[in-house]
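Structure first, then comments.
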Amino acid sequence: MRKALRWLLALVVLIGSAGTAGAATAAEPKAVDIKDRLLSVPGMSLIEEKPYTGYRFFVLNYTQPVDHRRPSKGTFQQRITVLHKDVSRPTVFYTGGYNVSTNPSRREPTQIVDGNQVSMEYRYFTPSRPQPADWSKLDIWQAASDQHRIFEALKPIYSKNWISTGGSKGGMTATYYERFYPRDMDGVVAYVAPNDVVNREDSAYDRFFARVGTEECRARLNGVQREALVRRAPLKEKYEAYAAENGYTFDTIGSLDRAYEAVVLDYVWGFWQYSTLKDCADIPADAKNATDDEIWNSVDTISGFSFYTDQGLAPYTPYYYQAGTQLGAPTIHFPHIERKYIRYGYQPPRNFVPRDIDMRFQPWAMRDVDNWVKRNARQMLFVYGENDPWGAEPFRLGHGARDSYVLTAPGMNHGANVAGLVPEEKALATARILDWAGVAPAAVQENPSAARPLATFDAKLDKRDVQREPALRP
């Protein structure tokens, strides 16, 4: 009897224990997959997920209002990507200011802080363009408001520190975002960001081209550029055949002749934007005695004869629209070329945008940003390349700036980065980025010269080289 009673009590205890354990298990919250968390954001939809070791990479659409001042007046789908590492890590908000890449990549600040990366396609770059397109809604405030809404949507998921970044037009974009929404980011890293405060005053570019590189290199480049205009007639015949073979047209710029001169006048600028001093060895040393093919090939390699065709310009209509309405565009002179050889000079952005799109320049837009940066910059880093033409008119800091820096990488072009700075400045910049992101190790806090990127360099994931694009657009 006692034996039976002990067995019964044991069975009751066992059942009770199992029930308690089951209840405890049920009470534990189930981990939610990051994809489900992202897709739970109102207006967020998945385009695709691509695998990458150590990360999750998502290409997404996010519903944005065409006009942030009147959000009820229509929406469009804006592409973004998320390179997810861990919600416990900081997040870098990147935009190049143009189309977004749909392949996994990691920008320099993302490697430095070993974090997540959110990348945004700039509004009106296809497919992130409203249909029909109201071009008056393409301005720096509307684009900054796109970023602000994305940040607000994702901050509950990525709750640690955020740093915005971008190169060239992307560096400009990061700066404008900070100007309009200064409480969003914990730091800004703007690479090679032009700052054309007064659109009509561009003498800084002429001074730049008079001293960049070496006299020998400048002479080679100037010689080829001049010779391409001297030989306009035979090389235009080659251009006409090239255009016919590829189905290129010239309605936007107005004529093949205008396009030809625009490509040639981009040549010297394009070289310094994308090449380095050692590449001068590839430039014909004696342009006058070079063959037509040698002149053509050198100009085509650097400037690209396809660019000022309708087909080449179309993807960049949003950029040229902004250059002609707010950003400004450089104009330079060519003292090494006789005036009789130059018919049009540097053409304005208006010539590169279809005429059915209205454009009016707003000279106050860049003055406002420039004044704000000088007076209010907080935790902002600007990095420039010594030999980059776009750095001729940089952002500068005023007395009101705090914990902000303008640094120049010696000998570097439009691909300048923190890694290319002199050692002391490289360590300083790295330490500040780590601190802004909230992940500076104790050793770095005590000794900034010990600062190093937290993530190991990945040749596939990390993009250190400047993407080769047409000259005269940042």
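Residues that are in a helix (DSSP H, G or I), at negative phi, surrounded by fewer than 22 Cβ atoms within 10 Å (Cβ to Cβ) and modelled with pLDDT of 95 or more are absent from the stretch 161-172 altogether. Screening K85 with (1) charged (D, E, K, R); (2) open to solvent by 60 Å² or more (accessible area, probe 1.4 Å); (3) under 16 Å from A153 (Cβ atoms) gives one miss only, at (3). Checking each residue in the stretch 121-142 for being within 19 Å of P363 (Cβ to Cβ) and either open to solvent by 40 Å² or more (accessible area, probe 1.4 Å) or in contact with a strand residue (DSSP E or B) (Cβ under 7 Å, 6 or more places away or on another chain) (or both) picks out S136, W141. Taken over the stretch 188-198, the residue count meeting the criterion of being part of a loop (DSSP other than H, G, I, E, B) and either open to solvent by less than 50 Å² (accessible area, probe 1.4 Å) or in contact with a Leu (Cβ under 6 Å, 6 or more places away or on another chain) (or both) is 6.
Here is the figure for the stretch 282-299: residues that are of a type outside the set (G, A, S), surrounded by fewer than 19 Cβ atoms within 10 Å (Cβ to Cβ) and either in a helix (DSSP H, G or I) or touching a Gly at 6+ places or on another chain (Cβ under 9 Å) (or both) total 9. Taking the numbered list (1) surrounded by 15 or more Cβ atoms within 10 Å (Cβ to Cβ); (2) touching a strand residue (DSSP E or B) at 6+ places or on another chain (Cβ under 8 Å); (3) closer than 30 Å to G270 by Cα in turn, A437 passes all entries but (3).
Screening I157 with (1) assigned to a helix (DSSP H, G or I); (2) open to solvent by 10 Å² or more (accessible area, probe 1.4 Å); (3) in contact with a helix residue (DSSP H, G or I) (Cβ under 7 Å, 6 or more places away or on another chain) gives one miss only, at (1). Set side by side, the residues S105, S88, S145 differ, and just one is of a type outside the set (K, R) and under 26 Å from T325 (Cα atoms), which is S145.
Taking residues in the stretch 55-71 that are within 30 Å of A455 (Cβ to Cβ) and modelled with pLDDT of 95 or more, and partners anywhere that are of a type in the set (G, A, S) and open to solvent by 20 Å² or more (accessible area, probe 1.4 Å), the pairs with Cβ atoms closer than 7 Å and at least 6 places apart or on different chains are L60/S45; N61/S45; Y62/G43.
Which ones in the stretch 38-74 are within 17 Å of S119 (Cβ to Cβ), of a type outside the set (V, I, T) and open to solvent by less than 60 Å² (accessible area, probe 1.4 Å)? If the condition is that a residue be within 17 Å of S119 (Cβ to Cβ), of a type outside the set (V, I, T) and open to solvent by less than 60 Å² (accessible area, probe 1.4 Å), then L38, M44, S45, K50, Y52, Y55, F57, F58, L60, N61, Y62, Q64 are the ones that fit. For the stretch 303-320, indicate whether the set of residues that are charged (D, E, K, R) and touching a helix residue (DSSP H, G or I) at 6+ places or on another chain (Cβ under 9 Å) is non-empty. No, there is no match, as no residue in the stretch 303-320 is charged (D, E, K, R) and touching a helix residue (DSSP H, G or I) at 6+ places or on another chain (Cβ under 9 Å). Taken together, the residues in the stretch 239-250 that are in contact with a helix residue (DSSP H, G or I) (Cβ under 6 Å, 6 or more places away or on another chain) and either without any contact (Cβ under 8 Å) to a residue 60 or more places away in the chain or among the β-branched types (V, I, T) (or both) amount to 1. If you go through the stretch 177-187 and keep only what is among the hydroxyl-bearing types (S, T, Y) and open to solvent by 10 Å² or more (accessible area, probe 1.4 Å), you end up with just Y181. Meeting the requirement of 1 or more residues that are at pLDDT 95 or above and surrounded by fewer than 18 Cβ atoms within 10 Å (Cβ to Cβ), the helices (runs of 4 or more DSSP H) wholly within the stretch 211-280 are 215-230, 232-246, 256-265. Filtering the stretch 375-399 to residues that are over 18 Å from T173 (Cβ atoms) and either open to solvent by less than 20 Å² (accessible area, probe 1.4 Å) or touching a Gly at 6+ places or on another chain (Cβ under 8 Å) (or both) leaves R375, G385, E386, N387, P389.
The values are calculated or read from the model by the stated rules, or taken from the named source; none is laboratory data. What you see is a predicted model, and the numbers here were worked out from it, not measured in a lab. Neighbour counts are summed over all protein chains in view; Cβ atoms, including those assigned to glycine, are modelled from backbone coordinates with ideal geometry. Surface accessibility is based on the protein's heavy atoms, side chains included, excluding ligands, DNA and RNA. Shrake-Rupley method; radii C 1.70, N 1.55, O 1.52, S 1.80 Å.
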